[in-house]
1. Only one residue in Ala149, Ala132, Ala125 is more than 16 Å from the ligand (Cβ to nearest atom), surrounded by 15 or more Cβ atoms within 10 Å (Cβ to Cβ), within 23 Å of Val27 (Cα to Cα) and touching a residue at least 40 places away in the same chain (Cβ under 8 Å), so which one is that?
2. Select, from Ala394, Ala362, Ala331, Ala323, the only residue that is modelled with pLDDT of 95 or more, closer than 26 Å to Leu215 by Cα and either open to solvent by 40 Å² or more (accessible area, probe 1.4 Å) or within 16 Å of the ligand (Cβ to nearest atom) (or both).
3. Residues of segment 498-534 being assigned to a helix (DSSP H, G or I) and in contact with a helix residue (DSSP H, G or I) (Cβ under 6 Å, 6 or more places away or on another chain), which ones?
4. Assess whether Leu355 counts as being more than 16 Å from the ligand (Cβ to nearest atom) and aliphatic (A, V, I, L, M).
5. Given the options Gly231, Gly180, name the one that is within 21 Å of Gly141 (Cα to Cα), open to solvent by less than 40 Å² (accessible area, probe 1.4 Å), within 16 Å of the ligand (Cβ to nearest atom) and not hydrophobic (A, V, I, L, M, F, W, C).
6. Can you tell me which residues in segment 32-60 are near the ligand (Cβ under 8 Å from one of its atoms) and open to solvent by less than 10 Å² (accessible area, probe 1.4 Å)?
7. Can you run down the residue pairs with Cβ atoms below 7 Å, 6 or more apart or on separate chains, where the first is in segment 402-417 and closer than 15 Å to Ser359 by Cα and the partner is aromatic (Phe, Trp, Tyr) and in a strand (DSSP E or B)?
8. Does segment 292-303 contain at least one residue that is away from the ligand (no atom under 12 Å from the Cβ), more than 21 Å from Gly131 (Cβ to Cβ), touching a helix residue (DSSP H, G or I) at 6+ places or on another chain (Cβ under 9 Å) and in a loop (DSSP other than H, G, I, E, B)?
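The values are calculated or read from the model by the stated rules, or taken from the named source; none is laboratory data. In this text the structure is predicted, and so the values were computed from the model without any measurement. Cβ: placed from backbone, ideal geometry, glycine included. Neighbour counts: every protein chain shown. Just so you know, the surface numbers come from the protein's heavy atoms only, side chains and all, with ligands and any DNA or RNA stripped out. Shrake-Rupley method; radii C 1.70, N 1.55, O 1.52, S 1.80 Å.
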Amino acid sequence: MIHQTEPQSTDSRNTGTPRRVLIVGGVAGGASCAARLRRLDESVEIVMFDRGRYVSFANCGLPYYVGNIILDERRLLVASREMFRERFNIEVQTETEVTKIDRNARTITVRDVRTSNTRMERYEALVLSPGAAPIRPPLPGVDRPGVFAVRTIPDSRRIRSWIADHSAKTAVVVGGGFIGLEMVENLVHRDLSVAILEKLPQVMPPLDPEMAIPLMEHLVAKGVLLHLGDGLARIEERDDGGLVVVAESGGRLPADLVILAIGVRPETMLAKDAGLEIGPRGGIVVDAQMRTSDPNIWAVGDVVEVQDVLTGQEMVLPLAGPANRQGRVAAESIAGRATHFRGVQATAVVGVLGLTVASTGANEKGLRRAGVTSFQRVYLHPGHHAGYYPGAHAIHLKLLFAVPDGRVLGAQAVGLEGVEKRIDVIATAIQFNGTVHDLAKAELCYAPQFGAAKDPVNLAGMLAQNVLNGDMPVADWLELDRTDALLLDVREPDEFACGHVPNAINLPLSQLRSRYVELPKDRDIWVCCAVGQRAYFAARFLTQHGYRSLNLSGGYTTYKALKAAGLAP
Ligand code: FAD
C-alpha cells in the first residue's frame, strides 16, 4: 500500500536543551547539524570529531578531482576547522576517532589517530553521522595496490598519483551505480580506456531496465566497455605489474587501476556496540526527529534507515541532500523544536559523459517489489525545448502514477539537456502529493531555447490524464507476444522499413482517414508510431470511428529499449 509519512508532534522527552553536544563525523550530516545548532543556540557547547584530516569536504566532488575537472584540491574543502571555530564557535577535532559510546555514563571514548592516545568525553546529546563505508568484498586481490575505493580526499589523491606514476591507460570500474559512473566519466576524461563490470544486467539500478538502455548505448558510443550480468571473482597481478580483473564468468579484464564502487554500507559499528537499534536494512533506526532508540543520541546521514514516502518501506539512501536535511532536523530537535524529517523519495541525478540521468520517487521494479499493482506508466520522448529552435535533444521520460487517483509515484528521465529540471519539477509535485492533473496544469518557464509551450512535464501529465480518463487507453508492451490484437504502425513506410514491432502492419497516419475501413472492427488495434504522438492521433481517430484502439506508449523508441532490456519480444 502506498502511504505518506505524517508529521510527528513535539516529542515529550525533549525537556531542555542539552548543554554539551558531541558530533561524530564532520562532513555532510555532522557539519550541517553543528552549524544549524549554533544558529539556534549560542550557549551550547558543540564539539565535532572526525577521524579523517578534513571536515566538511565535498565528497561529491571527489570524482571530478580525479578527472582534473576540479584542479585545486582546496576547492573541495567547504569549511575548515578554523572557520568552524571562528565563525561558529564550534570545536572541531580532526584525526580523532570515536571508538566507544557508554550510554549509561553518557560518555564517548575518543582516540587520537596520530598518537593512539585515548580519552573520555562527556555528552548531554550525541549525534552520530559517521556515514557509510565503501563495500570491499572479501575476494582475493581486492587489497592489491592499484585497487581503490573513493570516499575521502586522500583516496582521490592516491588515485591521481597512481594514474600519473603508472602512466595508467586502462581502468576497470567494478559497479555501475552513481559513484561508479561518475568515476567512469572522470577516468574517460583523463583519456583512460574504461570498462565497467556490473553484476546486474544494467547500470544505474534506480532506473527501470528499459530506461537504462539509452545510458548504456551512450556509454558504449563513448568507448566504455560494458560487462554486465557478471560479478567480480578476484583481482590478479600481471607480470608487468598491472592488474587483471577476473569476473565470475571467467572473463579477464586487464587494467592499470581498478575502482571498487559496488555500494556502501552504513558505519554502524559504534551504534551496534552501544546497543542502539539497527533496522532490517542495516542502518540505525531513528524517529522523525532523527532520534535513535536512545533519547540522548541522534543519528543522521548515510548511517540511518529512512522511510520511502511512496512505498512506506525502510531504506538506506546514501545521498548528500537527505544527510544535510537530517543534520538540520537533528539540530532543531536537540534545540527543542518539533521539526520532522519527511522521509525520502530518492531524487537523484548523475551526469555521464554528456548525458544526464535523473529519477525521483518509485520505479516500476520497486512498486512491484512492494506489491503495488494499482499504477500505470507512460513513456514519452519530447525535445528538451521547442523543436523549431535549433538543437533540441530528446528527453526519454517515464512517468509512473497511481490508478485511479492519478497521484504521481515516480519518474525517470535520460537525455542530453533539460533532464534534471523536469525531474525536479516532478519531485516537487510528488512532495506535495501532486497528481498527473497537476503536472498537466503546471505553469512552467517557456522561451524557445528553454522549453516548450507544452513542457515535457505538462506533456507527461496530459498523457497520463488521457490514460486515466480513457481518451488514450494504453496497451501493455509486455503483452506483445500474447495478444491477438492487430498491431498497427502508423509511421511512414520508409520509417517502418527501418524496423518495426514484430507482426505489425503499416498504415501511415497520413493515409488513415482514406483507408481506415480496411481495418477490422472485431479486434483490438494496438497502435504504434515512433514516439507515441502519431499513434495517439490515430487511436483517437479510430476510437471515434467505432474501433477498439489502444496506444503503445512511447512508440517504437520505447519498444527498442524494452527489447534491448529483454522485456519485450
Ligand atoms: P560522510 O559525509 O561520509 O561523513 C562521515 C564522516 O564521519 C567521515 O569523514 C568519516 O571519516 C567520519 N567518521 C566515521 N566514523 C567515525 C568515528 N568513529 N569517529 C570519528 N569520525 C568518524 N550524494 C549526492 O547526493 N550527490 C552526489 O553527486 C554524490 N556524489 C558522491 C560521490 C562520492 C565519491 C561519494 C563518496 C559520495 C557521494 N555522494 C553524493 C554521497 C554523499 O557524499 C553522502 O551521502 C554524504 O556525504 C553522507 O553524509 P554523512 O554525514 O552521512 O557521511
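1. Ala125 is the lone residue from the list that is more than 16 Å from the ligand (Cβ to nearest atom), surrounded by 15 or more Cβ atoms within 10 Å (Cβ to Cβ), within 23 Å of Val27 (Cα to Cα) and touching a residue at least 40 places away in the same chain (Cβ under 8 Å).
2. Ala394
3. Those that are assigned to a helix (DSSP H, G or I) and in contact with a helix residue (DSSP H, G or I) (Cβ under 6 Å, 6 or more places away or on another chain): Leu509, Leu512, Arg534.
4. Taking the combined requirement at face value, the residue does not satisfy it.
5. Working: Gly231 fails: within 16 Å of the ligand (Cβ to nearest atom).
Only one candidate qualifies: Gly180.
6. Matches in segment 32-60: Phe49, Val55.
7. Matching pairs, first to second residue: Val408/Phe401; Leu409/Phe375; Leu409/Phe401.
8. Within segment 292-303, none of the residues are away from the ligand (no atom under 12 Å from the Cβ), more than 21 Å from Gly131 (Cβ to Cβ), touching a helix residue (DSSP H, G or I) at 6+ places or on another chain (Cβ under 9 Å) and in a loop (DSSP other than H, G, I, E, B).
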